[in-house]
Amino acid sequence: MFQTSHPVVGPGFHDRTDEMQRLMGFVAELRAGANRWLAIIGPRKVGKTSMILELSRRITDVDFILVDTQEVSPPSLELFRTCALRVVDQVLGRELDNSLEVLAAAGEQLEAVLDASATFTALPAPLKSTIRALARAEMTDDFARLCLDLPERLAEALQRHIVIAIDEFQELAGLTRGADVLPIIRSTWQRHRRIGYVVSGSGRTLLENMIARQHSPFFQHFSLMYVEPFARAEAIALLTTDGGPGRPIVVEHAQSGALGYRRNEYAGDARAAPRCFVRSSYASALGLHDHESAARRVSLVVGASAGSPTHRC
Ligand SMILES: Nc1ncnc2c1ncn2[C@@H]1O[C@H](COP(=O)(O)OP(=O)(O)OP(=O)(O)O)[C@@H](O)[C@H]1O
Ligand SMILES: [Mg+2]
């Protein structure tokens, strides 16, 4: 069924051939030992998270975790504890009886679950101490450094590669603990060889300021990948192949003037892509009686390039 509130993967994931090729290339470079970071930038609902999840589905020889900065509210260094727990869960997962992240959230100890893992037992002692401390240590700058460093040390010990994706990365822009924490993140990440960092977000200016401006601690560390709404041909292909049972959108309708764009003034979000709507004269011909859901259905996958909000399909 067509839905817009959740990222799509697998059979529901459409097109994005060039973007996926670039993401696969990023992983290939990581495997080859290059320390690369990639920032995915695009308007709200353009499909950023879907691409990241589809990448994780397609790669099987590299571990993959995704965290969203909004999981920790307000944004804080706790995000890197979550990230570290998720990495250990991912890497030792098959040997663990329970998720460390869940145990930590429930205030439970990790020891019993960890000690049952042969891979954990064979890790270097300092690394084991850090992992054991994940559930209980107070978050200080020093502990944040240990959390930030943990994925690399684990990947090194186990000769693995890991992709860490951080969604809505721009939310970390204002993160301070007396001093700015972005330099702490940068200085730790830049020593990593086995971790590929992918960050994404919709706050284009904020994200660009954060990672690409000369004064930024991340200056020249990231490659940028801009994600645009689908081009017309892909949009029509998606509408005509993914109409959902009993609600097909035939090619002629998709190609006709059934769809239009208007500024997304109701979203209250200047970053939102122009909204695509179904012209009322076509709604019943398309079998789309619920106008609002019909509009939502097409608005998120058929885009106009920014700056041409009145463009017609
Ligand atoms: N490649 C795709 N194929 C089919 N549908 C897609 C694709 N990408 C995005 N969509 C549609 O757009 C919706 C939003 O996708 P997604 O959540 O990945 O966007 P986003 O850019 O991460 O959004 P947000 O700004 O809210 O984080 C999905 O629910 C799906 O309906
Ligand atoms: Mg998203």
Index of the failed condition, M139 passing every other in (1) surrounded by fewer than 20 Cβ atoms within 10 Å (Cβ to Cβ); (2) more than 23 Å from the chain's Cα centre (by Cα); (3) outside any loop (DSSP other than H, G, I, E, B): (3)
Residue that is surrounded by the fewest Cβ atoms within 10 Å (Cβ to Cβ), among those in segment 68-93 that are away from ligand 1 (no atom under 16 Å from the Cβ) and without any contact (Cβ under 8 Å) to a residue 60 or more places away in the chain: P74
Residue list for segment 169-208, filter: surrounded by 20 or more Cβ atoms within 10 Å (Cβ to Cβ) and in a strand (DSSP E or B): I195, G196, Y197, V198, V199, S200, G201
Test: residue in segment 196-207 that is farther than 29 Å from K45 by Cβ, β-branched (V, I, T) and more than 16 Å from ligand 2 (Cβ to nearest atom): no
Residues being without any contact (Cβ under 8 Å) to a residue 40 or more places away in the chain and more than 16 Å from ligand 2 (Cβ to nearest atom) - total across segment 6-19: 3
Candidates L55, L103, L96, filtered to the one that is more than 13 Å from ligand 1 (Cβ to nearest atom), crowded, with 21+ Cβ neighbours inside 10 Å and assigned by TED's automatic domain parsing to the domain that holds R136: L103
Near pairs, Cβ below 7 angstrom, 6+ apart or cross-chain, from segment 191-216 (under 16 Å from I166 (Cβ atoms) and within 15 Å of ligand 1 (Cβ to nearest atom)) to any residue that is among the charged types (D, E, K, R) and not in a loop (DSSP other than H, G, I, E, B): S200/K48; S200/D167; S202/R44
Looking only at segment 23-43, and only at residues there that are within 16 Å of ligand 1 (Cβ to nearest atom) and crowded, with 16+ Cβ neighbours inside 10 Å, the one that is farthest from R191 (Cα to Cα): P43
Subset of segment 144-168 [touching a helix residue (DSSP H, G or I) at 6+ places or on another chain (Cβ under 8 Å) and surrounded by fewer than 18 Cβ atoms within 10 Å (Cβ to Cβ)]: R145, A157, L158, R160
Matching residues, segment 20-62, being more than 14 Å from ligand 2 (Cβ to nearest atom), part of a helix (DSSP H, G or I) and among the aliphatic types (A, V, I, L, M): M20, L23, M24, V27, A28, L30
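The values are calculated or read from the model by the stated rules, or taken from the named source; none is laboratory data. Every value quoted in this text rests on a predicted model; they were computed, and no experiment measured them. Counting neighbours? That spans all protein chains shown, and the Cβs are built from the backbone with ideal geometry, glycine included.
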